[in-house]
Amino acid sequence: MTIQNNSTDDSEYSEYEPTIGLEVHCELKTATKLWCGCKNSFGEQPNTLICPVCLGLPGSLPVLNKKAVEYAIRIGLALNCTVQPSIFHRKNYFYPDMPKDFQISQYDIPINTDGYVLLTDGSKVGIVRAHIEEDTGKSTHFSSSGRIHESTATLIDYNRAGIPLVEIVSAPDITSSEMAKSYVNELRNIIVATGATDGKMEEGSLRVDANVSVKKKDQIELGTRCEIKNLNSLRSLGKAIDYEIDRQIQLLNSQKKVIQQTRHFNEDLNQTVTLRTKEEAEDYRYFPEPDLVSLNPTGEWINEIKLNMPKLLIDRRQSVIELIKDSKEMSQLIGTVNTLVDQQLDTLFIETVGFGSDPTLTLKRLTNEAANSIDAAKKLNSKELAYLINLETSGKVSSTQSKAILSNLLENTSETVDSIISRLNIQSFGDKEIEQLLDNLILEKQDEFKRFVDGDDKVIQFFIGQVMKLTKGQANGKSVTQILLKKRNG
Amino acid sequence: MSQKNNLISKEQVLHVAKLAKLSLSDTEVELFSEQLSHILGYANELRDLDLSNYPPTSHPIELENIFREDVVIESISNKKVIDNAPQSSNGQFLVPPILND
């Protein structure tokens, strides 16, 4: 846990532990809104993507967007949820961001339930539900002081009202701001990979509400929680949670009570402030939406969605790990695997290894040498790449030569490795050729060789230098070392 | 019907009225307490029936999966949208401040 207030003694904090659950709202990338054919688009002129359904005018009726349901199912499947028959409810409240005075959401029977997300460190965060609902309009508060509390008027743009959302509710499995950030980051990677959402926090297409409570470590029941609304960057998420944990511990330490309320994170002040206290305002009087019938995706449809879904991030990482799992350097390579998948080079990697190249060396060449020209790297011919890596593994080209060939290949991906080798006049120095060169050198440099035989290993560098000079840097230094050692031992 | 027999108390009527932002006179509170109790009393009669063979329904019409394809239909003009607004500013709805306690 990060403690922001340095004046407080750390020991006061160690008795407490935070419990955090997150609600992540993500906008779906459909062409149209959830209930009507108005365009789903960000950044248009206010109130230009509106129809009677968006305005809740009398007589207008919602009709469910099939694509939105498909995207919601993709998200559910990606989060290991059960996809079940569901219905829609009206959530009633008086707030001008919804002109019909209710939001259509899912209540006790959501489309996706009971899933989980695995974080990169192996810990698991449960997903209670991931349901479909409509987004609300955007309010802009006017005030002279700049404080949301002292606003004198509010402007409403309903372009966002009715845009399809999936709200993903985590179990209260999160125990620190760091874990919360790691969860949102991984969750975002997963749902973006499904193609259902673009996950842009800065544009508000992914927003997070955090439920935070603290309790004494030996206490069983959870403490009173506060909800912090609309956190739109990982940075604010972390800071808001740390501030809130700190605030609640200080209240409890001074024998005060935490009041259940909704809070807002003020970026400038770097603190959370009360938005509203939860009393009757929380009585949303949910009831089944009479204008919509139940949603019961057939097993056939769910299977079809599953088959057509882009391969999920976690599966892609796993496929790569499968191929390098025998490598001695496995533990150092895990981070590299994530990079490879993030850069969309995993398919190329798998194809290349399929042509018999060494997995570890292929992974290194792709994430180091190829990383500077990703676009070209994506066009590499896997067969040519495997051929090059095999030349290097078998010692037919040195690692320096191999890197030079790869860099040429990246400049023109349609050229073949053989053509680059002959164009650059790269000569292959196999062990036999190197041994011959060394034999001549040993005769010439008898003093140095004697020092080496007597145990001075530094002389190896001298011989490598000499061989490189003779071969214009095209020999493999490792081979030189091996042959020298063989001569001394044998 | 006297107050103590009512399934819905006056307090409950006042609570619901507050949530719905309605102000009711004492006579109305009395009247609605009676009427709402009557409606609930009718629903209570259903409890006496054996409905174990009937699955719960969320909608009276036996339909499911009514969808619309994801195809854009032209929206209405901003002028038309704003026309009915009591107050507006630069194409947006202008409403009283909403976060005052």
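Please list, in order along the stretch A:301-311, the HN-Hα scalar couplings obtained from phi with the Karplus expression 6.51 cos²θ - 1.76 cosθ + 1.60 (θ = phi - 60°), rounded to whole Hz, x for Gly and Pro.
5, 4, 5, 4, 4, 4, 5, 8, 7, x, 4
Beyond 23 Å, what share of the Cα-Cα pairs of the stretch A:311-423 is found? Please give it as a whole percent.
Pairs farther apart than 23 Å: 22 percent.
Ranking request for peptides A:45-57, B:79-91, A:288-300: highest mean number of other beta-carbon atoms within 10 Å first, then the rest in descending order.
In decreasing order of mean packing, A:45-57, B:79-91, A:288-300 become A:45-57, A:288-300, B:79-91.
Residue by residue, what Karplus-based ³J(HN,Hα) values in Hz, rounded to whole numbers, does the stretch A:107-119 have, using 6.51, -1.76 and 1.60 with θ = phi - 60° and x for Gly and Pro?
Per-residue couplings from phi come out as 10, 7, 10, x, 5, 10, 9, 6, x, 7, 10, 8, 7 Hz.
Take peptide B:74-87, look around each residue's Cβ out to 10 angstrom, count Cβ atoms belonging to other protein chains, and average those counts.
The mean count of partner-chain Cβ atoms within 10 Å per residue comes to 4.
What is the Cα radius of gyration of the stretch B:22-74 over 2.2 N^0.38 Å, N being its residue count?
Relative to the rule-of-thumb radius for its length, the stretch B:22-74 sits at 2.02.
Report, in debye and to the nearest 20, how large the dipole of the protein assembly as shown comes out about its Cα centre when Lys and Arg carry +1 and Asp and Glu carry -1 on their Cβ.
Dipole magnitude for the protein assembly as shown comes out near 1500 debye.
Give the separation of the Cα centroids, the stretch A:392-438 to the stretch A:321-353, in Å.
First find each Cα centre; the distance between them is then 24 Å.
Can you give the helix-only mean residue ellipticity at 222 nm for chain A, where every DSSP H stretch with n ≥ 4 adds -39500 (n - 2.57) and the sum goes over all residues, rounded to the nearest 500 deg cm²/dmol?
-12000 deg cm²/dmol
Let me know the mean shielding of A:79-92 by other chains, meaning the per-residue number of their Cβ atoms within 10 Å of its Cβ.
Rounded to a whole number, the mean comes out at 1.
Residues with amide H under 5 Å of A:ASN65's amide H, sequence separation 5 or more or different chain, H placed in the peptide plane at 1.01 Å from N; which?
Hits under the 5 Å cutoff: B:ARG68.
How long are the semi-axes of the ellipsoid equivalent to the stretch B:3-46, from square roots of 5 times the Cα gyration tensor eigenvalues, in whole Å, largest first?
Equivalent-ellipsoid dimensions as semi-axes: 19, 11, 8 Å.
What is the Cα centroid distance between the stretch A:163-178 and the stretch A:35-71, reported in whole angstrom?
The stretch A:163-178 and the stretch A:35-71 have Cα centres separated by 26 Å.
Quick one: work out Rg over Rh on the C-alpha atoms of the stretch A:10-306, Rh as Kirkwood radius.
0.97
Over all distinct Cα pairs, what is the inverse of the mean 1/r for the stretch A:45-97, reported as the Kirkwood hydrodynamic radius in Å?
The answer is 14.2 Å.
Which whole-Hz couplings ³J(HN,Hα) result when phi for each residue of the stretch B:63-73 is put into the Karplus expression 6.51 cos²θ - 1.76 cosθ + 1.60, θ = phi - 60°, listed in order with x for Gly and Pro?
Per-residue couplings from phi come out as 10, 8, 6, 8, 10, 10, 6, 7, 10, 6, 10 Hz.
What do you get for Rg/Rh over the protein assembly as shown if you use C-alpha atoms and the Kirkwood form of Rh?
Over the Cα atoms of the protein assembly as shown, Rg/Rh equals 1.13.
Quick check: Cα centre of the stretch A:207-262 to Cα centre of the stretch A:77-148, how many Å?
Between the Cα centre of the stretch A:207-262 and that of the stretch A:77-148, the gap is 20 Å.
Putting +1 on Lys and Arg Cβ atoms and -1 on Asp and Glu Cβ atoms, find which of A:THR339, A:THR32, A:ASN476 reaches farthest to the positive end of the dipole of the protein assembly as shown.
Working it through, the farthest residue towards the positive pole turns out to be A:ASN476.
Along the charge dipole of the stretch A:10-306, Cβ charges K/R +1 and D/E -1, which of A:VAL63, A:THR152, A:ASN266 sits furthest on the positive end?
A:VAL63
Sorted by packing (mean other beta-carbon atoms within 10 Å per residue), highest first, where do A:268-274, A:395-401 land?
Packing proxy ranking, top to bottom: A:395-401, A:268-274.
Each value in this text was obtained by applying a stated rule to the coordinates, not by laboratory testing. Note that the coordinates shown come from a computational prediction; the quantities given were computed from them, not determined experimentally. Every residue, glycine among them, receives a Cβ derived from its backbone with ideal geometry; neighbour counts consider all protein chains shown.
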